[in-house]
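**Student:** Handing you this structure, nothing more for now.
The values are calculated or read from the model by the stated rules, or taken from the named source; none is laboratory data. Model, not experiment: these values are computed from the prediction. With ideal geometry, Cβ positions are generated from the backbone for all residues, glycine too; neighbour counts draw on all protein chains shown. Accessible surface areas use protein heavy atoms only, side chains included; no ligands, DNA or RNA. Shrake-Rupley method; radii C 1.70, N 1.55, O 1.52, S 1.80 Å.
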Amino acid sequence: MPGARETTGAIFRAVTKLEEVCLAWGMIGIASLTIANVFARSLFDSSLAFAEEISQFLIVFVTFVGLGYAVSQGRHIRMTAIYDQLPTSWRKSLMLTIALTTSAMMFYLTYLSIDYVLGTVRALGTVSPALQVPLWLVYLSAPLGFSLAGIQYLMTFFKNLVADDVWLSFDKKDEYDELPPADI
Amino acid sequence: MALVILGLMLLLLFLGYPMKVPLTAAAIAAVVLFMPGADPATLVQQMIGGVQPSALIAVPMFIFAADIMTRGQAADRLLDMVSRFIGHVRGGLPITSAVSCTLFGALSGSTQATVVAVGGPLRPKLLEAGYSDSFTTALIINASDIALLIPPSIGMIVYGVVSGTSIGELFIAGIGPGLLILVLFCVYAYVATVRMKIAPLPKATWPERRRALRRALLPLGFPVIVIGGIYAGMFSPTEAAAVSVLYALLLEVGVYRELRLGQIVDIARSTGLVTAVVFILVAAGAAFSWVISYAQLPSQLIGDTLGLGPDSGYATIMATIAIAFFIGCMFVDPIVVILILTPIFHPVAVAAGIDPVLVGTVVTLQVAIGSATPPFGCDIFTAIAVFKRPYLDVIRGTPPFILMLIAASVILIAFPEVALFLRDLAFGD
């Protein structure tokens, strides 16, 4: 099914692009709000309560959106001292196991977070102190991020199943050369 | 229960799972298997809550500022200035590297960023001058640890948030121990150079030096903003971080015209990715911490297993804390170690009347040492990835540095004034 494979690739790239935009503007948003807050405090002697609040929303958003993105980039921190010494066939089996079980865990966390966010938080009707935003809306980042990460790990599993070599993610091979130094 | 959790965590860790998985899996297993009254969804609540403290916003801001400086000219200008002033002395090149790591530590809060920013340009020069690969790599990894002690410091921000200690005071207290380690490393660099019989670089002329200093003048404004601003009580650490970002932007986009605004968006994406990788560990660490405190493991561990109490005495408590954090960081990321171990050990130290700022400084030093220590210190893996060297080559030169760092820990614990002198000067009693 070449069509299905191309579609998967196109969707993967579109989601990745969207995640990149979210991360970049999330960071720029936090920086702008925090800088604005410093000026407000030092010039007008009053802190912008809403600025701090939106920054907190954005950091939750960046954390969970970035969770999926970091999987697609193969960038989550791992302790690979033992893994790296293993022969390729072992690493391949290990990567298949890691991808499948981690995917399962991410989907379990998706389930738990839907339970918590749509169940508990929405039922309580908690709102943020300054802007009165319902917190369950903000916390939707969590199920979103966990499910995206779960899908990414599942795709990593299938990639390793069908393709040669060991793959850290859907389109990142397990090798050191691809690490761009400026990105650390 | 403790054994099952710990066993599961270590197993997944050694198999090479992403570090968030062992933590989260252990937390889930504990709740499902051993805590019948608890709702597993509480773990999600802890994770979301864990990344929200507003003091933590300083972390991505400092990463952002350092990213901008590294892509722009500021980092290069600083390295150039240092090498023109001290390059000609015996051991000038390795001493330049150590001083540059310290100075870059004043721009950035993480050891990994320092390994890249200083090691990238200086490592080829050191090798060319005739220094051995193992010495060079070990020097860069270990000197980068100084960055964790020199403000801003991501480790100190996380410690401050978890323990409720003033991050500003921690920042100022880190300067003394950071400089102490720098001195030890410079002495060693001198001795190693004499032993390897490597000639010094040609001396730069004074006009060259003046020019280099002028070029580095604006980047030197960073430590003034961060340390000076906090010292003078003008900024909180988060505010200093935000002002650093603004300053980095003005410098690289406005003054040097090295970066265009479009590139800033790409740097922001890279910062966002690094932030997410760190913060997902913060989230998982928060969930894990909640589980162990719910199960009252800390008091069991401290009281029954280690036999530690407020009456144990200063030396015993500090030594136990130092060893625990050091060993922890030999295996996992420093942020994770600080998140999990701080709630366990901090209360004992405070109950014994030990200054929390001193405890935080010792902890930061230990996590810095641990992350450069074989077998699994995470800086070693950064170096393997960045310099593309095999594991054994990277760790071969580390023992002398680790000995010096342990000596620095002993000095710090025996003479707390090393850290507290500047703090007391800045914040009074």
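**Student:** Given the criteria on the phi < 0 side of the Ramachandran plot, assigned to a helix (DSSP H, G or I) and open to solvent by 60 Å² or more (accessible area, probe 1.4 Å), does A:Glu6 qualify?
**Tutor:** yes
**Student:** Looking at this structure, is B:Ile411 under 18 Å from the mean Cα position of the chain (by Cα) and not aromatic (Phe, Trp, Tyr)?
**Tutor:** no
**Student:** With the requirement that a residue be of a type in the set (D, E, K, R) and closer than 28 Å to A:Leu148 by Cβ, what does the range A:34-73 give you?
**Tutor:** Answer for the range A:34-73, where residues must be of a type in the set (D, E, K, R) and closer than 28 Å to A:Leu148 by Cβ: A:Glu52, A:Glu53.
**Student:** Let me ask you something else. Among the residues that make up the range B:288-303, is at least one of them within 14 Å of chain A (Cβ to nearest Cβ), small (Gly, Ala, Ser) and open to solvent by less than 30 Å² (accessible area, probe 1.4 Å)?
**Tutor:** Taking every residue of the range B:288-303 in turn, none turns out to be within 14 Å of chain A (Cβ to nearest Cβ), small (Gly, Ala, Ser) and open to solvent by less than 30 Å² (accessible area, probe 1.4 Å).
**Student:** Here is a follow-up. Against the condition more than 14 Å from chain A (Cβ to nearest Cβ), modelled with pLDDT of 85 or more, within 29 Å of B:Ser134 (Cβ to Cβ) and assigned to a helix (DSSP H, G or I), how does B:Ala322 come out, does it pass?
**Tutor:** Yes; evaluated as a whole, the condition is true for this residue.
**Student:** Give the range B:168-208 a look and list any residue that's under 20 Å from B:Phe427 (Cβ atoms) and open to solvent by less than 20 Å² (accessible area, probe 1.4 Å), or say none.
**Tutor:** Within the range B:168-208, B:Gly168, B:Leu170, B:Phe171, B:Ile172, B:Ala173, B:Gly174, B:Gly176, B:Pro177, B:Gly178 meet the criteria.
**Student:** Which ones in the range B:241-252 are facing chain A (nearest Cβ under 9 Å) and either of a type in the set (Gly, Ala, Ser) or outside any helix (DSSP H, G or I) (or both)?
**Tutor:** B:Ala241, B:Ala242
**Student:** Regarding A:Ala14, is this residue at the interface with chain B (Cβ under 8 Å from one of its Cβ atoms) and either within 22 Å of A:Met155 (Cα to Cα) or part of a helix (DSSP H, G or I) (or both)?
**Tutor:** The answer is no for A:Ala14.
**Student:** So, in the range B:31-64, how many residues would count as being surrounded by fewer than 24 Cβ atoms within 10 Å (Cβ to Cβ), touching a residue at least 24 places away in the same chain (Cβ under 8 Å), more than 9 Å from chain A (Cβ to nearest Cβ) and not β-branched (Val, Ile, Thr)?
**Tutor:** 7
**Student:** Select from the range B:408-429 the residues that are free of Cβ contacts under 8 Å to residues at least 40 places away in the same chain and over 26 Å from B:Ser236 (Cα atoms) and write down the one among them that is most open to solvent (accessible area, probe 1.4 Å).
**Tutor:** B:Phe415
**Student:** Then there's this: Looking for whichever is of a type outside the set (Phe, Trp, Tyr), in contact with a Phe, Trp or Tyr (Cβ under 7 Å, 6 or more places away or on another chain) and open to solvent by less than 20 Å² (accessible area, probe 1.4 Å) here; the options are B:Leu273, B:Leu259. Which one fits?
**Tutor:** It is B:Leu273.
**Student:** Exactly one condition in (1) modelled with pLDDT under 90; (2) at the interface with chain B (Cβ under 10 Å from one of its Cβ atoms); (3) more than 22 Å from the chain's Cα centre (by Cα) is false for A:Gln73; which is it?
**Tutor:** Of the numbered conditions (1) modelled with pLDDT under 90; (2) at the interface with chain B (Cβ under 10 Å from one of its Cβ atoms); (3) more than 22 Å from the chain's Cα centre (by Cα), the odd one out for A:Gln73 is (3).
**Student:** Being in contact (Cβ under 8 Å) with a residue 12 or more places away in the chain and surrounded by 24 or more Cβ atoms within 10 Å (Cβ to Cβ) is the requirement here; does B:Asp67 meet it?
**Tutor:** Criteria met by B:Asp67.
Yes/no matrix, rows are residues, columns are (1) in a helix (DSSP H, G or I); (2) surrounded by 24 or more Cβ atoms within 10 Å (Cβ to Cβ); (3) touching a residue at least 24 places away in the same chain (Cβ under 8 Å):
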| residue | (1), (2), (3) |
| --- | --- |
| B:Gly360 | yes, yes, yes |
| B:Ile369 | yes, yes, yes |
| B:Phe376 | no, no, yes |
| B:Asp379 | yes, yes, yes |
| B:Ile384 | yes, no, no |
| B:Val394 | yes, no, yes |
| B:Pro400 | yes, no, yes |
| B:Ile406 | yes, no, yes |
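**Student:** A further question follows. A:Asp84 passes all but one of (1) more than 8 Å from chain B (Cβ to nearest Cβ); (2) open to solvent by 10 Å² or more (accessible area, probe 1.4 Å); which number fails?
**Tutor:** (1)
**Student:** Which condition from (1) under 22 Å from the mean Cα position of the chain (by Cα); (2) within 11 Å of chain B (Cβ to nearest Cβ); (3) not β-branched (Val, Ile, Thr) is the one that A:Leu96 breaks?
**Tutor:** Unmet condition: (2).
**Student:** Going through the range A:145-172 one residue at a time, which ones are more than 19 Å from the chain's Cα centre (by Cα) and within 16 Å of A:Thr88 (Cα to Cα)?
**Tutor:** Within the range A:145-172, A:Lys159, A:Asn160, A:Leu161, A:Val162, A:Ala163, A:Asp164, A:Asp165, A:Val166 meet the criteria.
**Student:** Which of the residues spanning the range A:17-56 are more than 7 Å from chain B (Cβ to nearest Cβ), more than 30 Å from A:Lys172 (Cα to Cα) and surrounded by 18 or more Cβ atoms within 10 Å (Cβ to Cβ)?
**Tutor:** A:Leu33, A:Asn37, A:Leu48, A:Ala51, A:Glu53, A:Ile54
**Student:** Here are some residues: B:Leu218, B:Leu182. Which one is within 21 Å of B:Leu107 (Cβ to Cβ), part of a loop (DSSP other than H, G, I, E, B) and within 27 Å of the chain's Cα centre (by Cα)?
**Tutor:** Exactly one residue qualifies, and that residue is B:Leu218.
**Student:** Now a separate question. Tell me, which residue of the range B:14-30 that is facing another protein chain (nearest Cβ under 7 Å) and of a type in the set (Gly, Ala, Ser) is nearest to the chain's Cα centre (by Cα)?
**Tutor:** Here the residue is B:Gly16.
**Student:** Does any residue of the range B:266-280 turn out to be outside any helix (DSSP H, G or I) and either of a type outside the set (Phe, Trp, Tyr) or closer than 17 Å to B:Phe104 by Cα (or both)?
**Tutor:** No, there is no match, as no residue in the range B:266-280 is outside any helix (DSSP H, G or I) and either of a type outside the set (Phe, Trp, Tyr) or closer than 17 Å to B:Phe104 by Cα (or both).
**Student:** Here's something else I'd like to know. Test B:Ala74 against the stated conditions and say whether it is open to solvent by less than 10 Å² (accessible area, probe 1.4 Å), closer than 28 Å to B:Ile338 by Cα and among the aliphatic types (A, V, I, L, M).
**Tutor:** no
**Student:** Being open to solvent by less than 10 Å² (accessible area, probe 1.4 Å) and within 29 Å of B:Leu201 (Cβ to Cβ): is that true of B:Gly109 here?
**Tutor:** no
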